[in-house]
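Working notes for the structure below.
The values are calculated or read from the model by the stated rules, or taken from the named source; none is laboratory data. Treat the numbers as computed from the prediction; the structure is a model and nothing was measured. Glycine gets a Cβ as well: all are built from the backbone with ideal geometry, and neighbour counts include every protein chain shown. Heavy atoms of the whole protein, side chains included, go into the accessibility calculation; ligands, DNA and RNA do not. Shrake-Rupley method; radii C 1.70, N 1.55, O 1.52, S 1.80 Å.
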Amino acid sequence: MKKLIKKLLPSGLLHLYHFSLVAIAAVYYRFPAKQITVIGVTGTKGKTSVTEIISAILEEAGKKTAVASTLRFKQGDDSKRNLLKMTMPGRFFLQQFLKEAVNNHCDYAIIEMTSEGVKMFRHKFIYLDALIFTGLTPEHIEAHGSYANYVAAKLQIAKALEHSPKEKKILVVNRESKEADRFLETEVEKKLTFGGADGKPYTADEYGLEFSFADEVIKSHLIGEFNLYNLLAAATLAQALGIGPKTIKQAIEKFSGIPGRMQLIESDKPALRAKQKFIVIVDYAHTPESLAQVYKTYHRRPKICVLGGTGGGRDKWKREVMGSIADIHCDDIILTDEDPYDEDPLAIVADIQRGIKNTPVTTIMNRRQAIAGALTVAVKIPDSVVLITGKGTDPYIMGPDGEKTPWSDAEVAGEELEKVLSKQQSEPPEIKTS
């Protein structure tokens, strides 16, 4: 029905429809964003991670937070997984969320803000006090019509900060992004930037991060150099909000990680865990840049890569690119289903495979079987790593006509890992004869 309405309604009427819903919601809930400090986080990558790190730092400082993100909806100690497959839900959702945050006496509301949300005016009436821009790379090109339109949509979020009635507004920008200067044109009271040099001296590897910030040496459980930028983004804003370096350090060092973002999968049975001689990682990486960063983190290990691709009907340009990145970094590749929507999943996989020229590749369309196959290979290669990318915490595999199959990469990987390790444990030792 939604698709039919979109086809039949002129774009002007469709825009009016979306704007009207947002405006009515704001009026109905009495503009709750005016009654709470609101932090927005936008960019192509890192939004969920930065949102969670900010929340952790604010809580360490004794503040009560509400969070709306791809991962979850949180009000104080109450947290619910986001099962909507939308980062910025419509239909009154965000205004109701903000009203609940006010009613729950939260000090801060932290909201992931997307270009798709902008298209439907969902950023309107979310009166921002602060905004973090993590950086932009090509994404959602088909949805927006061009990269220029995608950038323009993101810049509308910066304009929302500029036009917000709040006082003492703060903008934090990744100065290494090629679009940084355009965001820094935003007229607000305080503009700050961050970049990798701000963390020097730092070390970043598969075991964690150690970096410097405001004369503090901070050790983080987060994995990969890209997480240095997420940590610096959150720390820079926290300091601008008046939180001291020692509190920032304590929060980051306590912070254990984010589900679906470089998430380590291990057996919860000590005997089986002792048998596991390889690493299993689940990560959301769904852009060429993020996929490359995940692979580079484990450059010293043989990599068995379970790779899906873009969802059906979108960003077809990057499928072959992601295949070529896997070809460069992986030792074995297993191509599988991800979110085909109304497109032929085999056609999606074929697009990815065009980028793979030299690495052994197997196609296993059943995602569970693909993960199991990768684990079976890893058992035979000590010190290897299985990298399962593309879905992170996505709760469904999206099929044709809106079909949703409940899913969790982490749960499935854990279940299949248990089977592989149990089988390995039960097999008699190999007897060598002279």
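Rounded to the nearest percent, how much of the accessible area of the stretch 346-410 (1.4 Å probe, protein heavy atoms only) is carbon and sulfur? Using a 1.4 Å probe with all protein chains present, the stretch 346-410 comes out at 54 percent carbon and sulfur. Mean separation of Cα pairs under 8 Å and 6 or more residues apart, divided by the residue count, gives the chain a relative contact order of 13 percent. Considering only alpha-carbon pairs that sit under 8 angstrom and 6 or more positions apart, the relative contact order computed for the stretch 190-247 is 31 percent. Cys residues of the chain that find no other Cys beta carbon under 4.7 Å: Cys106. Choose one answer from Ala197, Ala240, Ala152: the residue with the largest mean-square fluctuation in a GNM of the chain with alpha-carbon springs under 10 Å. Maximum fluctuation in the GNM of the chain, among the listed residues, is at Ala197.
Look at where the Cα atoms of the stretch 163-230 and of the stretch 54-71 average out, and the two centres are 17 Å apart.
For the stretch 101-116, 3J(HN,Hα) computed residue by residue from phi via the Karplus equation (6.51, -1.76, 1.60; θ = phi - 60°) reads 4, 5, 5, 8, 6, 6, 7, 9, 10, 10, 10, 6, 10, 10, 5, 5 Hz, glycine and proline entered as x. In the stretch 259-345, carbon and sulfur make up what percent of the accessible area (probe 1.4 Å)? Of all accessible area on the stretch 259-345, carbon and sulfur atoms account for 51 percent. Of the residues Ser384, Ser256, ranked by 1.4 Å probe accessible area with the largest first, the sequence reads Ser256, Ser384. Take the Cα of Gln35, step 7 Å toward its Cβ, do the same at Leu84, and the gap between the two points is 2.0 nm.
Can you work out the accessible area per residue across the chain, with the rest of the protein chains kept in place, probe 1.4 Å, in square angstrom? Write down the numbers at each step before the final one.
Details: 19810 Å² over 434 residues.
Result: 46 Å² of accessible area for each residue.
Computed packing ranks the peptides 291-301, 106-116 as 106-116, 291-301, most packed first, by mean other Cβ atoms within 10 Å. Of all beta bridges that DSSP places with both ends in the chain, some 35 percent have antiparallel geometry. Estimated at the nearest 10 Å², the accessible area of Glu189 is 120 Å² with a 1.4 Å probe. Rounded to the nearest Hz, the phi-derived 3J(HN,Hα) couplings of the stretch 339-346 under the Karplus curve 6.51 cos²θ - 1.76 cosθ + 1.60 (θ = phi - 60°) are 9, x, 6, 9, 9, 5, x, 5, where x marks glycine and proline. Running a GNM on the chain with Cα contacts under 10 Å, which residue among Asn227, Asn103, Asn174 ends up with the highest mean-square fluctuation? Maximum among the listed residues: Asn103. Taking amide H atoms as placed 1.01 Å from N in the peptide plane, the amide H of Val173 lies under 5 Å from those of Phe133, Leu192, Thr193, Phe194, each 5 or more residues away in sequence or on another chain.
Think of each Lys and Arg Cβ as +1 and each Asp and Glu Cβ as -1; about the Cα centre, that makes the dipole of the stretch 108-157 roughly 160 debye. Spin-label pair Asp268-Glu167: with each label point 7 Å from Cα along the Cα-Cβ axis, the two points sit 5.0 nm from one another. Taking each residue as 0.36 nm, the span from Gln424 to Glu187 lengthens on full extension beyond its C-alpha to C-alpha distance by 79.2 nm.
Largest GNM mean-square fluctuation across Lys380, Lys63, Lys45, computed for the chain with C-alpha springs under 10 Å, falls on Lys380. Summarising the amide proton neighbourhood of Gly399: residues at separation of 5 or more, or on other chains, whose placed amide H is nearer than 5 Å comprise Tyr341, Lys404, Thr405. Each residue of the stretch 214-228 is assigned a 3J(HN,Hα), and the resulting list reads 6, 6, 10, 8, 10, 10, 10, 6, 5, 10, x, 4, 4, 6, 4 Hz, derived from the Karplus form 6.51 cos²θ - 1.76 cosθ + 1.60 (θ = phi - 60°), x at Gly and Pro. For the pair Lys380 and Asn366, label points projected 7 Å from Cα toward Cβ lie 2.0 nm apart. Taking amide H as placed 1.01 Å from N in the peptide plane, the amide H of Thr363 sits under 5 Å from that of Leu335, each at least 5 places away or on another chain.
Which order do the peptides 307-319, 202-214 take when ranked by the mean count of other beta-carbon atoms within 10 Å per residue, highest first? Walk me through the intermediate numbers first.
Numbers: 307-319: 20.5, 202-214: 16.7.
The most tightly packed comes first, giving 307-319, 202-214.
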